[in-house]
Amino acid sequence: MTWLNHYSIHTALATAAEAVRRVDVCGIDGQFLQWLLRHPARTSADLVVPALLAADPAIGSVLAIGGRGDRGAQVSAALSGLAGRPIEVVAVDGFEGLPRGADLRRLVAQVAPDLLLVGLGAGLQEQVLLEAADAMPQGYALTCGGFLNQVLQAGYYPSWAYPLRLNWLVRLCREPRRLWRRYTVDAVLAVARSRQWRGAMRDVPGLGAHARMSGAGPSPRDAAHSSPVLAPAPRVADNLPVPGRAAAGGG
């Protein structure tokens, strides 16, 4: 499973369109892109990953790819806190020595994770996700954007952020120098590209799966003229494939 927002969709479709088409589920992260695509549901990795850990006690090992340095112990402590049980994490630096191809598949086979999390830049993370999922006989494979950084910061999102749909504002306030353009210039460009994106996303089967799994409708096309719905993440987690089952195409 992967997620796109109004900032990442342009790069993902330009550099990894085939990978986006191959994932089993392509989620829409962000109310703005949800509105632009007329998609009936919105979820995000930071909501789904905790719900998934809580819902499936069989998840005990995680391979986390992204961020800088070996943060395995820190991510393990954070995910164990979310799951309410010990979670063993192997963390791979997303900048220095990122394994690809056969090296990546050997690493995945060695770790044999129940859950794969890939938090890299748009396009690259979808490609790495599918390469790694090829070596997973079962389990879940998800991209997670900045989640691997956010989960290490207790209370990154205040309790009021999601109910008020202001989590984007929290991120902007926390990281203004990095994100100001995303919510200004890039937002304007997204409006201009919205028709192009709606056409391109019709060829992405995972987008329809996202709508169905969120309980928001049979497909984005059927829901094109419906009012947007903010679907709770646990409904998505409840409907994710269960072991026997990689959650990314080709896995």
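The values are calculated or read from the model by the stated rules, or taken from the named source; none is laboratory data. Fair warning: this is a prediction, and the values are worked out from it, not measured in the lab. For neighbour counting, all protein chains shown are included, and Cβ atoms are generated from backbone atoms with ideal geometry for every residue, glycine included. Just so you know, the surface numbers come from the protein's heavy atoms only, side chains and all, with ligands and any DNA or RNA stripped out. Shrake-Rupley method; radii C 1.70, N 1.55, O 1.52, S 1.80 Å.
Quick one: which residue in L116, L107, L82 is crowded, with 21+ Cβ neighbours inside 10 Å and at negative phi?
One residue alone meets the criteria, L116.
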Checklist outcome for this item: Within region 120-153, the residues that are closer than 17 Å to R100 by Cα and of a type in the set (A, V, I, L, M) are L120, A122, L124, V128, L129, L130, A132, A133, A135, M136, A141, L142
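Any residue at all in region 46-64 that is on the phi > 0 side of the Ramachandran plot, touching a residue at least 60 places away in the same chain (Cβ under 8 Å), surrounded by fewer than 24 Cβ atoms within 10 Å (Cβ to Cβ) and not hydroxyl-bearing (S, T, Y)?
The answer is no, given that none of the residues of region 46-64 is on the phi > 0 side of the Ramachandran plot, touching a residue at least 60 places away in the same chain (Cβ under 8 Å), surrounded by fewer than 24 Cβ atoms within 10 Å (Cβ to Cβ) and not hydroxyl-bearing (S, T, Y).
Inside region 121-211, counting only helices (runs of 4 or more DSSP H) that do not spill past its ends, which hold 2 or more residues that are open to solvent by 30 Å² or more (accessible area, probe 1.4 Å) and over 20 Å from T43 (Cβ atoms)?
The qualifying helices (runs of 4 or more DSSP H) are 124-133, 167-174, 176-179, 185-201.
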Checklist outcome for this item: L120: passes all of (1) more than 20 Å from L53 (Cβ to Cβ); (2) among the aliphatic types (A, V, I, L, M); (3) over 13 Å from the mean Cα position of the chain (by Cα) but (3)
Item to check | Count - residues of region 81-102 that are part of a loop (DSSP other than H, G, I, E, B), more than 22 Å from the chain's Cα centre (by Cα) and under 17 Å from M136 (Cα atoms) | outcome: 0
Item to check | Near pairs, Cβ below 7 angstrom, 6+ apart or cross-chain, from region 177-200 (without any contact (Cβ under 8 Å) to a residue 12 or more places away in the chain) to any residue that is charged (D, E, K, R) | outcome: L179/R171
Checklist entry - Does A14 satisfy being of a type in the set (A, V, I, L, M), closer than 27 Å to W180 by Cα, open to solvent by 10 Å² or more (accessible area, probe 1.4 Å) and not in a strand (DSSP E or B)? => result yes
Checklist entry - Looking at region 1-20, which of its residues are over 14 Å from G145 (Cβ atoms) and out of contact with any helix residue (DSSP H, G or I) (no Cβ under 7 Å at 6 or more places or on another chain)? => result A14, T15, A17, E18
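Check G119, G67, G101 and return the single one that is in contact with a helix residue (DSSP H, G or I) (Cβ under 7 Å, 6 or more places away or on another chain) and at pLDDT 95 or above.
Numbers: G67 fails: at pLDDT 95 or above; G101 fails: at pLDDT 95 or above.
Criteria check complete, one pass: G119.
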Checklist entry - D24 is checked against (1) in a loop (DSSP other than H, G, I, E, B); (2) free of Cβ contacts under 8 Å to residues at least 24 places away in the same chain and fails just one. What number does that condition carry? => result (2)
Checklist entry - In region 23-70, which residues are over 11 Å from the mean Cα position of the chain (by Cα) and within 13 Å of G145 (Cα to Cα)? => result G30, A64, I65, G66, G67
Next on the checklist: List the residue pairs whose Cβ atoms are under 6 Å apart, where the first residue sits in region 122-133 and is at negative phi, the second is hydroxyl-bearing (S, T, Y), and the two are 6 or more positions apart or on different chains.
Outcome noted: A122/S8; A122/T11; Q125/T143; E126/T2; L129/T143
